[in-house]
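Derivation of every value follows stated rules applied to the coordinates shown; laboratory data play no part. Keep in mind the model is a prediction, meaning the values are calculated, not measured. Heads up, the Cβs are rebuilt from the backbone with ideal geometry, glycines too, and the neighbour counts pull from every protein chain shown.
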């Protein structure tokens, strides 16, 4: 995980990690309207979408919160909010 003071700034490596018990790829980050941030990734050879909440400082994973569309072989998660519903 890298961080910077601005989107086009100089990035610094914070940590290397692998979410518990999952391979991950095609990952994305999402911050909801309440300010909670999530790491969303395709896992298990793209069979599942895994959602992991980030810590308050957004620099680490707290633990898996959900597996979406288990066994549906999706790629490239792009979470968004439509009204009161979150979609990925």
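One quarter of the convex hull surface built on the alpha carbon atoms of the chain amounts to 6.2 nm², the projected area averaged over directions. Label reach from residue 66 (point 7 Å along Cα→C-beta): in the stretch 42-60, amide nitrogens under 15 Å belong to 42, 48-54.
Compute the FRET efficiency between residue 18 and residue 80 as 1/(1 + (r/R0)^6), taking r as their Cβ-Cβ distance and R0 = 30 Å, and round to the nearest 0.05.
Working: r = 26 Å, r/R0 = 0.86.
It comes out at approximately 0.70.
Once Rg and the Kirkwood radius are both taken over the C-alpha atoms of the stretch 10-58, their ratio Rg/Rh works out to 0.99.
Applying a 10 Å radius around every beta-carbon, put 1-14, 47-60 in order of their mean neighbour count, most first. It would help to have the intermediate numbers written out before the result.
Numbers: 1-14: 9.7, 47-60: 16.4.
Top to bottom by mean Cβ count within 10 Å: 47-60, 1-14.
Quick one: Cα centre-to-centre distance for the stretch 38-79 and the stretch 1-17, in angstrom? Distance between centres, Cα-based: 20 Å.
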